Every structure is written in structure tokens, then in C-alpha cells.
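Each reported figure results from applying straightforward, stated rules to the coordinates on display, with no laboratory input. Just so it is clear, the structure is predicted and the values come from calculations on it, not from any experiment. FYI the Cβ positions are ideal-geometry reconstructions off the backbone, even for glycines, and counts take in every protein chain you see.
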Amino acid sequence: MSNEIHNITVLGAGAWGTALARVASIRTHNVTLWGHDRAHLETMRQTRENQKYLPGVSLPPLMNYEPDFARAVENAELLICAIPTIYLRAVLAEQRGTVGAEVGVISVTKGIEQETLKRPTEIISECLGSKRLGVLSGPCHAEEVGRDCPTTAVVAANDERLAQTTLAALILPMFRLYLGNDMLGMEIAGALKNVVALTAGACLALDLGDNAIAAMLTRGLAEMTRLGVALGADPKTFAGLAGLGDLVATCFSKHSRNRQFGYDAVKNNSKNFALTSRHSVAEGYFSAKSAYDLAQRLGVEMPIVQQINRVLFADYDPRRAVLELMTRETKKE
């Protein structure tokens with residue numbers, strides 16, 4: 001059976017959705033970008049640029065821009081979902097029946113829903129009735145993908161053909177994809193790396209030094225892995241592109257919304273400032289509480305996640321949180 005597809009719809013006209021729509025268009029597919037803001041889409045169509053979320057990146061002339069959800073997905077053979085987790089259920093809740101069950105849906109959304117503690121693919125399945133689901137994840141800042149910087153990512157799906165068709169549809173000389181087999185682990189890693197990146201930003205704001213950030217990243221990865229394994233994920237996933245790779249990029253990149261959020265929240269002593277100072281969503285803020293609630297439900301020890309929750313949601317002194325992490329009872333690594 002052929003892996004070739006021609007009609008792709010990307011849901012979500014933020015930076016990452018726009019960058020992936022551009023990648024798909026380079027492969028000469030018929031690509032439609034859906035977004036909720038009609039005026040924003042029209043400006044993109046006229047200027048061939050997403051000036052709000054991905055400035056400076058020229059978009060292919062034949063991309064389609066559609067604010068009507070049903071029309072956007074009408075002929076799609078593949079959906080790529082880039083809607084932030086906090087909006088995902090609200091957007092998709094009324095769209096059941098608009099997407100055929102045989103249409104594959106690849107989630108590039110990273111987060112855990114606060115109310116239900118569910119992953120993006122679980123929400124998509126519930127709302128759309130989709131059976132063929134997959135995940136694409138890795139160190140993929142949209143700003144660099146848009147500039148054709150060398151980028152690698154992983155695709156995993158519950159349907160082997162969906163994984164293969166997605167790889168064939170998106171792979172480019174500077175956008176290399178690998179096949180994976182652990183959707184669950186990739187989604188947990190994608191959500192938790194944003195939470196750890198908040199702490200990296202907090203370390204920067206407190207001027208704690210490189211040693212502290214390196215330790216936070218390493219021990220944060222251990223927490224991510226523990227939670228993933230408790231849910232049934234493969235621990236090797238967290239050592240790969242969707243785990244360590246994405247974590248490093250998010251903790252150290254100037255493009256990282258989550259690192260910047262952690263920095264702004266601590267430097268300005270205001271999470272409200274951090275929430276309102278940027279257009280785009282810092283998923284780690286919303287996933288921090290979800291991750292901690294999930295860890296408590298499963299009995300998984302996650303001290304870094306616990307402390308960043310205290311700082312964000314209980315007005316805890318971040319320097320006291322650091323001290324408590326540093327003076328915990330010693331144990332084997």
C-alpha cells in the first residue's frame with residue numbers, strides 16, 4: 001500500500017503549526033492551515049508570513065488558510081494537531097463527526113490536561129472519535145525549523161502505516177524523522193520537559209550558575225523517566241530525541257517559551273507578568289500542576305516538580321525551594 005498522501009490539514013496557526021505547515025508544503029502537498037482567528041489567517045495569506053507567532057519566515061504561496069473547521073478537514077488524508085493542550089478539548093469538543101475515523105491524526109501538542117490528567121492523544125480520541133493516532137516530538141523549535149536549520153524528531157503511532165505516511169509526508173533534507181514505538185512515553189516526556197524548563201529559567205533568574213541548571217536538567221530527566229515508567233512507558237524513550245533531546249533544547253534555547261516563563265515569573269516575582277508578557281502559550285505552567293497531581297496519584301517522587309508547583313501556585317520563596325532541594329536526605333543516584 002502506498003505511503004504517499006496529498007492533502008494535509010494542520011490544526012493550530014501558532015508558531016509550531018505554521019512551521020509544520022510550511023514543511024508539508026515544501027513536499028508539494030495540498031496543505032491547509034486552520035486557525036480560530038479569521039483576521040489572523042487572512043493577514044497570513046496576504047503577507048505569506050505569520051508575523052504574530054513566527055516572524056521572518058516566508059510561507060509557500062500555495063498554502064491554504066481556513067478558519068472554518070469542517071471545511072479545513074473536509075478532504076484531509078492526514079491531520080497534524082498543534083492546538084495547545086489548554087484549548088484542545090474546547091476546540092475539538094463540538095467537532096465529532098467532521099473527521100472520519102480512518103483519517104490519521106498526529107499530535108504535536110505537549111501537555112497534560114489539568115482537569116482529567118489526560119494526554120493530547122487521549123483528548124483527540126475522545127473528542128473526534130479518531131482511532132489512528134500518532135505523536136511527533138523532539139527538539140524542534142519552530143523558529144529554527146522555519147529557517148531550515150538541521151532538525152531531528154521522532155514519529156510514533158498506534159498504526160504502523162500512519163507512522164510511515166507521516167514520515168514520508170514531512171521528511172526533508174534538514175528535517176530528519178525517526179520512527180518510534182512509544183507514544184505514551186513521548187507525550188509524557190513532551191509535557192514534563194516544559195516543566196523542567198521552567199525551573200531552568202528560574203535558576204537563570206536567581207543567578208544560580210551552570211552547575212545548578214545542569215543538575216536540574218539531569219535530576220529533572222530522572223523525574224520524567226520515573227513518571228513515564230510508572231505509566232507504562234519505555235525508559236529508553238527518555239534518553240532519546242523526544243526525551244533528553246527535547247529537554248536540552250527547551251532548557252537552554254533562547255527560543256524556549258517555558259524557560260523564559262520561569263525566568264520572568266521569578267525575576268519579576270509575578271507569574272501574571274510571565275503569563276501576559278508573550279503571545280504564545282507556555283505549556284509548562286499548565287502542565288506543572290497536572291504532572292504533580294499525576295505523580296501523587298501514582299505515588300511517584302518528583303521533588304523538582306513539587307517545588308516548582310509551590311513557587312508557581314503557593315507563592316513559595318524560590319530560594320527556599322532551592323535550599324530544600326539541596327538539603328534533602330542523601331541517597332544513591
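Points to keep in mind about this one:
- Residue-normalised convex hull volume from the C-alpha trace of segment 192-326: 96 Å³ per residue.
- Once Rg and the Kirkwood radius are both taken over the C-alpha atoms of segment 1-111, their ratio Rg/Rh works out to 0.94.
- Between ALA239 and ASN7, the modelled labels are 4.4 nm apart [label points 7 Å from Cα along Cα→Cβ].
- Looking at segment 7-181, the DSSP beta bridges with both ends there are about 20 percent antiparallel.
- Computed over the Cα atoms of the chain, the ratio of the radius of gyration to the Kirkwood radius (Rg/Rh) comes to 0.97.
- Given LYS110/LYS332; LYS52/LYS193; LYS193/LYS236; LYS254/LYS332, the pairs whose alpha carbons are separated by over 23 Å: LYS110/LYS332; LYS52/LYS193; LYS254/LYS332
- Cβ-based exposure ranking for SER253, SER137, SER290, in which fewest neighbours within 10 Å come first: SER253, SER290, SER137
- Taking every DSSP helix (H) stretch of at least 4 residues in the chain, weighting each as -39,500 (n - 2.57) and dividing the sum by the residue count yields a mean residue ellipticity at 222 nm of -15000 deg cm²/dmol.
- Computed from Cα atoms alone, the Kirkwood hydrodynamic radius reported for segment 29-187 is 16.4 Å.
- Alpha-carbon spread of segment 9-73, three principal axes, descending order, Å: 30, 26, 19
- Prolate/oblate/rounded label for segment 97-224 (Cα gyration tensor, a/c 1.5): oblate
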